[in-house]
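Structure, as C-alpha cells:
The values are calculated or read from the model by the stated rules, or taken from the named source; none is laboratory data. All of these numbers come straight from a predicted model, not from anything done at the bench. Methodologically, a virtual Cβ is constructed for each residue, glycine included, from the backbone with ideal geometry; neighbour enumeration extends over all protein chains shown.
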2 protein chains.
Amino acid sequence: MSDRNQRITFARSPRGLPVPEDFGADETAIPAPGPGQFLSRTVYLSLDPYYRNVMKNSQIYQDRLAPGDVMVGETVAEVIESHHADYKPGDIVAVRNGWQQYAVSAGQGVRRIDPSLAPIATALGVLGMPGMTAYAGTVFLAAPLPGQTFVVSACTGPVGCAAGQIARHMGARVVGIAGSKEKCEYAVRALGFEACVNYKDGDLVAALKAACPDGIDVYFDNVGGSTLEAVTRNLAMGARIVLCGMIEAYSMDTPPPGPWLGPIVGARATMKGLVVYDHMHKFSEMQRVLSRWIREGSFTWRDDVTESLSRAPEAFCRLMRGQNFGKALVRVGAEPVIRQ
Amino acid sequence: MSDRNQRITFARSPRGLPVPEDFGADETAIPAPGPGQFLSRTVYLSLDPYYRNVMKNSQIYQDRLAPGDVMVGETVAEVIESHHADYKPGDIVAVRNGWQQYAVSAGQGVRRIDPSLAPIATALGVLGMPGMTAYAGTVFLAAPLPGQTFVVSACTGPVGCAAGQIARHMGARVVGIAGSKEKCEYAVRALGFEACVNYKDGDLVAALKAACPDGIDVYFDNVGGSTLEAVTRNLAMGARIVLCGMIEAYSMDTPPPGPWLGPIVGARATMKGLVVYDHMHKFSEMQRVLSRWIREGSFTWRDDVTESLSRAPEAFCRLMRGQNFGKALVRVGAEPVIRQ
C-alpha cells in the first residue's frame, strides 16, 4: 500500500463525445476514517454511460462536479480500516469511491458483497445495478411470454446481456443488436440468443425484419436514436418497449427528438420508462435468481477490464464510442484474497 | 326528393393542409337498391381529421381513392327504400355513405341508431366512433384515479370533450388544451373542466405547469407534435399518455419526429397507442354509460354544423386548420321526422 491516493478528476464538461482531456489526475494523502467511517481500497471501478450525463452538470443527478473534483463512480472495494460497526477489514463492498484508489465512507449506500456468489466484479455488472436494471425492465415491465420475440440493443453490455438472458430463461426468442461481428457471434454462441443483428451492417429495418419475421413483441432499449426508430418499424401488435438507456443522447447538448410515434399507435404498442431505483426492493430477488443461473452455467457475461486507474479516462471514452466489449471495468487495485 | 344525387369527389392528394381545390363535385342518378340492399338519404356527414390521411392514399386505410371517386366518410342517414330484411324505410342508421346525398348499402358495417337516446347526430360524435375512442382511451387505457390530473388536447372536439368529461365522471381533475379563448371558456363552463389552456397564448410548458401544479398524471393526446412535447415536460411520476391522434402529422408528407423521450424515462411514464377498432365490443357499454349522463344533464358536447353538402370541402379545410368549434358536421339533408 503506497501512502498516496491517486485520483482521476473532472476537468471540464465534454463537448460531444468525451475525450481524455476532459479529465485530470492528481494525488492526495490517503484519507483517515473518522468515527463511524471506514476506509476502503478500490479494486474495480465501474465505467457507466450515465457518467457522461453527470459530466454535463445537469440537475438530474445529485452529483455536481467542479473542475478538480474526483470523478464520481461505483466501485468494488476492500475495507482496510474501520470505525464502522457493520464493516471490518477484509469485507468486500460495493461503494461509490469514485475514480480513486482510496476513500472513506460512513456506510451510506454501501452494499456488502458475498464473494461466494460470483466473482466480486459482478457487483458492478450482472449482479449489480446493471443486472437490477435488466431484471426490472425484463421481468416487471416487459414481461415477455414464451415464444415472443424479445429484442435488446447493446446486447453484449451488462444490461443487455442480462436482459436477453433473463428473457431467454422466460421462454422468449431473443434477438440481440450490437455493433460488431464479434459481439454478434458472442451473443448467439455464449448468450444463447436466437440471432443478433449488427447495426453497422447497413439497413437495420430490413435486418430486423429478417430476424424477427413475426414482429418484435418486446424491445429493451439501451440506446435510443436511430436503433429505436428501426425497431418501431418492426413492431408486433401489442408490443412493449422498455426505455432504459439513450446513450446517443448523453453526448448531445440538446436532447434529440424521439421516433415518429405513428407506428406506436398502429401496433397498439406501449412505451415505458425504466428507472432502476424504483425497483431496489427487488435487489435480493434479482441476485438470488441470477446467481442460481450463474451456478447452473446458464447465465454468463463478459468483462472488458482496463488495467490501472490512469487509463480510466481513455477506457471511458472507448465505452462512449461503443468500443467496449462487455462490462467496462477498470482494475484499480489487486483482487483481494478471499478467506472463505 | 330531387331525382339527382349530388356528390363531392376526391380530386387530388393535398399538399400540406388541404384546400377546397383538392375536391371536385358532380351529380349522378340516385342509385337503386338491389336485392339485400337498402337506399338511404344522408342527413349528416361527419368530418374527421383521418380523412386527410385517406387522401394521402397511403396503405394504412382500406379505402383507396382515385380522382373522381366520391369522398369516403361516415354519415347518419334515413333509409328510404329497402330490400334488406333488417332495415325498413324510416330507420335511422350510421352508414358510410360518403360525401353524397344518397347511397345504397348491403348492411355491412351499418349501425342502427336509437333516436330516443340522444339527437341522431351524436351517432357521429360522442355516441359514435369519437365517443368510443374517448371511452376506450380514458376508461381502459388511461384509467385516471380520483384526484389525478387528466389533460386532454383538442378538448372541445368530440373525442376530447368526451374524454375529459368521462375523466371528470371518474373523479379526475380535468385540464383541457384548446386553440381559442372561446373554446377554453366553453371547456370550463360547459364541460366542467377545472381549467383550460389556450396553446396559442405563448409558453405552453409554463401554462401547463401553472394549471397542473402537481404534474400531469394522464395525457389524452389528440394532436401530437409540440403540444405533446410540452406535456412531457410536466409529467407526474407514473404518468400515462394515450396516443390517439396526431392531427399535425396528417398534413405532412414525411412523418415528423416524436418528442425527446428522456422525460418519459424520468417520470417512469407509459405511452400507449390507441386504435378504436380494438374496443368495438364495448360499444354498447359506452352508449349506455354516456347516454345516461346525457339524460342526467352531466355530459354535453357541441356541434359545428355546416349547411349543405357543397360547402363540405371548405368545412373540412377549416377542421384541419383547427378552426372548427365542436364536432364538425355537414347537414346534407333535412332532419327526419322521428315517429316515437
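Here are the numbers for this structure:
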{"quantity": "Any hit, segment A:124-143, residues being part of a helix (DSSP H, G or I) and over 15 Å from A:LEU274 (Cβ atoms)", "calculated": "yes"}
{"quantity": "Yes/no for B:ALA162 being out of contact with any Leu (no Cβ under 9 Å at 6 or more places or on another chain) and hydrophobic (A, V, I, L, M, F, W, C)", "calculated": "no"}
{"quantity": "The listed residue being crowded, with 24+ Cβ neighbours inside 10 Å, in contact with a Lys or Arg (Cβ under 9 Å, 6 or more places away or on another chain) and in a strand (DSSP E or B), out of B:PHE193, B:PHE150", "calculated": "B:PHE150"}
{"quantity": "Every pair of residues 6+ apart whose Cβ atoms lie under 6 Å, when the first sits in segment B:275-286 and is under 17 Å from A:ALA267 (Cα atoms) while the second is loosely packed, with under 13 Cβ neighbours inside 10 Å and among the hydroxyl-bearing types (Ser, Thr, Tyr)", "calculated": "none"}
{"quantity": "Strands (runs of 3 or more DSSP E) contained entirely in segment B:35-122, each with at least 2 residues that are away from every other protein chain (no Cβ under 14 Å) and polar (S, T, N, Q)", "calculated": "B:38-46, B:75-82"}
{"quantity": "Tally of residues being surrounded by fewer than 18 Cβ atoms within 10 Å (Cβ to Cβ) and either touching a residue at least 40 places away in the same chain (Cβ under 8 Å) or touching a Gly at 6+ places or on another chain (Cβ under 9 Å) (or both) across segment A:82-103", "calculated": "5"}
{"quantity": "Filter result for B:THR270 (within 11 Å of chain A (Cβ to nearest Cβ), over 16 Å from the mean Cα position of the chain (by Cα) and at pLDDT 95 or above)", "calculated": "yes"}
{"quantity": "All positions within segment B:260-305 that are assigned to a strand (DSSP E or B) and under 27 Å from A:GLY245 (Cβ atoms)", "calculated": "B:THR270, B:MET271, B:LYS272, B:GLY273"}
{"quantity": "Hits in segment B:199-225 (condition: buried (at least 19 other Cβ atoms within 10 Å of the Cβ), under 16 Å from B:GLY157 (Cβ atoms) and more than 14 Å from chain A (Cβ to nearest Cβ))", "calculated": "B:TYR199"}
{"quantity": "The lone exception for A:GLU229 - which of (1) in the same structural domain as A:VAL175 (by TED's automatic domain parsing); (2) modelled with pLDDT of 95 or more; (3) not in a helix (DSSP H, G or I) it fails", "calculated": "(3)"}
{"quantity": "Selection within segment A:2-43 - acidic (Asp, Glu) and crowded, with 19+ Cβ neighbours inside 10 Å", "calculated": "A:ASP22"}
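Yes/no per residue for (1) within 14 Å of chain A (Cβ to nearest Cβ); (2) surrounded by fewer than 20 Cβ atoms within 10 Å (Cβ to Cβ); (3) among the hydrophobic types (A, V, I, L, M, F, W, C):
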| residue | (1), (2), (3) |
| --- | --- |
| B:GLY245 | yes, no, no |
| B:LYS282 | no, yes, no |
| B:LEU290 | no, no, yes |
| B:PHE299 | no, no, yes |
